[in-house]
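Single-structure report; data block below.
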Amino acid sequence: MTEPSGCRLAGKYFYSSLGKCKKYVTPKWYGFYIGMNMKRDGSNISLWQSAIPDFKEKQTAFSDRKFDVVVVGGGITGLSTALKILESGKSCLLAEAQEIGFGTSGGTTAHLNNFFDTPYYQVEKDFGAASAQLLAKGANDAISLIVENIRKYSIDCSFSKREGFLFALDEKQKDELEKIVESAKKVGVPMDFTNTSPFPVPYISIASVENQAQFNPAAYMQGLASVFENAGGVILQHCRVTEISGDEELEVKTSRGIVKASAAVYATHIPPGVNILHFRCAPYRSYALGLKLKGEYPEALGYDLHDPYRYYRTQEVDGQKYLIAGGEDHKTGHEENTNACFAHLESYVRKFFDVEEVAFKWSSQYFEPADGVAYIGHLPGNPENVFVATGFGGNGMIYGSLSALVLADLIRGKKTEYAKLFDPSRIKPVAGFSNFVKEAADVVGHFIGDKAKIEKIDSFSDLATGEARVVRHDGHVLALYKDEQQRLHAVNSACTHIKCTVAWNASEKSWDCPCHGSRFSYDGTMLTGPARKDLEVIKLA
Ligand code: FES
């Protein structure tokens, strides 16, 4: 195709799926973010966004090119994988529907651990001792890759090694901690009991583990993106991949045109469309605070064993230290008052830390795998050359980096020791069955039950400013939100994935789907998949 003069100018134009040069229309939800830096999938600002500007992609020609690999998604998984692929000598295009770090990677609290949310004793029980050992090796390989990238490419991202501490708050947690420590030692992770803690949180038992780490994830991702582009990779932001078809040669349809590729990777946190993995991964939200303290900041990583667990660390940004505290996790779309989650977390933290100010608060999403281990490899139900990485639980930075190593090998047809453990097609009847049934039943419950409970209203006048509700009105089931300027936003409440009823997330001003975690802005604009389309906007008479 001959490129029309001016097409691609400053990202204002793109090629349609028919190959026409069209004007790019800025997404309507951008009103949310006017004047801000790096953008995210919610209305709260994460600590990382505050200091990192938007990534400006190079305007590289891409149409009519065939790439060895197209990577979909510009978070840590997509960027790490794309760079690794490029380093292996293959050409690579990375397509991001929004902007670099827009999704969960821009809202992580970025703990780099060689232990996981699923303890090693559980992995040993469900997958065998060798698999537990291999998982520990995977975590160390992931940290080594991050360290190597930072060193090799001089990425300035405040990386530092930290000691980690796990503390038990009661007798039940103490028993759990003993099992965690014993199984960690067995797989070579040097965790052991201690009697001192840098955290002012009372405990009855505590263990420490050396050589954990932390960094600024946004700075790291932007570093990876620059290195990737400078080495010849192509990044397209505001480029949604709408379909991947074909066999040996894939046709990748995007909102900025069509490209051909020999392989594709969905690094989109959860793959889009309808896939078996949506029934094996459950969406959760976690809450984080960035706090200025009056006293000392703990220079360590900390975790209690409460369910859901709370986590702590310190990060300096622009010369100011912050305690980052997180917790209050719940299943996406299952919490009626998400503002209360922040309030509970803050009041808990204030019991132990001398807080001067809550400077940042934000929430983020993660996907819990049914059997406790991530899915990295061939995407079930797709051609052999389409790959996926998902189900990272709360260990996204580690699994995202490890995915780069696993996927780069698989794409090159190289044997990898991790293939079987992370195989997305695995069926683990012992480990995964009960969770699988629970999550599937939960989805069915929301599909049927939520619709039966929806109230009918005749007038919108009783909706208060800032209030949102799902209601029946005039033959429609509406998700309604009245904004601060009293404007009413009405969208169809049926999620465009497989039609569960969305639920209001007041703290992020989003409609969140309780079934598989799709999220939409208050005006229906899609923020995160697996849905592929916005909620339908309903015009009110
Ligand atoms: Fe599956 Fe909404 S995400 S129905």
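The values are calculated or read from the model by the stated rules, or taken from the named source; none is laboratory data. For clarity, every value in this text was computed on a predicted model and none was experimentally measured. Glycine also receives a Cβ, built like all others from the backbone with ideal geometry; neighbour counts cover every protein chain displayed.
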Specify which of the listed residues (THR268, THR196) is in a loop (DSSP other than H, G, I, E, B) and away from the ligand (no atom under 16 Å from the Cβ). THR196
Of all residues being touching a Gly at 6+ places or on another chain (Cβ under 9 Å) and aromatic (Phe, Trp, Tyr) in region 113-122, which is surrounded by the fewest Cβ atoms within 10 Å (Cβ to Cβ)? Just the residue, please. PHE116
Of (1) closer than 25 Å to PHE342 by Cβ; (2) more than 13 Å from the ligand (Cβ to nearest atom), ILE538 satisfies every one except (1)
Search result, residues across region 123-177 that are in contact with an Asp or Glu (Cβ under 8 Å, 6 or more places away or on another chain), of a type in the set (Asp, Glu) and either loosely packed, with under 14 Cβ neighbours inside 10 Å or assigned to a helix (DSSP H, G or I) (or both): ASP126
Look at ALA184 and say whether it is part of a strand (DSSP E or B) and more than 16 Å from the ligand (Cβ to nearest atom). no
Unmet criterion (only one of (1) at pLDDT 95 or above; (2) part of a strand (DSSP E or B)) for GLU229: (2)
Consider LEU135 against the criteria (1) within 20 Å of the chain's Cα centre (by Cα); (2) closer than 24 Å to ALA370 by Cα; (3) among the hydrophobic types (A, V, I, L, M, F, W, C): it satisfies all of them except one. Which criterion is unmet? (1)
Which numbered condition LYS533 fails, given (1) crowded, with 19+ Cβ neighbours inside 10 Å; (2) closer than 23 Å to HIS269 by Cβ: (1)
Hey, could you check region 448-478 for residues that are at pLDDT below 80 and not in a loop (DSSP other than H, G, I, E, B) and say which is surrounded by the fewest Cβ atoms within 10 Å (Cβ to Cβ)? ALA452
Can you run down the residue pairs with Cβ atoms below 6 Å, 6 or more apart or on separate chains, where the first is in region 469-497 and touching a residue at least 60 places away in the same chain (Cβ under 8 Å) and the partner is assigned to a strand (DSSP E or B) and away from the ligand (no atom under 13 Å from the Cβ)? LEU478/VAL471; LEU478/ALA490
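Yes/no per residue for (1) over 30 Å from GLY529 (Cα atoms); (2) over 27 Å from the mean Cα position of the chain (by Cα):
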position	(1), (2)
ALA168	yes, yes
VAL187	yes, yes
VAL201	yes, yes
GLU210	yes, no
GLY233	no, no
ARG240	no, no
Any chance you could count how many residues in region 79-98 are surrounded by fewer than 24 Cβ atoms within 10 Å (Cβ to Cβ) and not in a helix (DSSP H, G or I)? 5
Any idea which of ILE76, ILE150 is over 30 Å from GLY257 (Cα atoms) and among the hydrophobic types (A, V, I, L, M, F, W, C)? ILE150
Please work out which residue is farthest from the ligand (Cβ to nearest atom), limiting yourself to region 509-521 and to residues that are within 15 Å of the chain's Cα centre (by Cα) and of a type in the set (Gly, Ala, Ser). GLY517
Do we find a residue being part of a strand (DSSP E or B) and among the acidic types (Asp, Glu) anywhere in region 235-248? yes
Only one of ALA490, ALA494, ALA506 is closer than 22 Å to THR338 by Cα, within 9 Å of the ligand (Cβ to nearest atom) and surrounded by fewer than 24 Cβ atoms within 10 Å (Cβ to Cβ). Can you tell me which? ALA494
List the residue pairs whose Cβ atoms are under 7 Å apart, where the first residue sits in region 510-527 and is in contact (Cβ under 8 Å) with a residue 40 or more places away in the chain, the second is of a type in the set (Asp, Glu) and not in a loop (DSSP other than H, G, I, E, B), and the two are 6 or more positions apart or on different chains. ARG519/ASP512
Suppose the filter is closer than 21 Å to ASN44 by Cβ, surrounded by fewer than 23 Cβ atoms within 10 Å (Cβ to Cβ) and more than 10 Å from the ligand (Cβ to nearest atom); does ASP483 pass it? yes
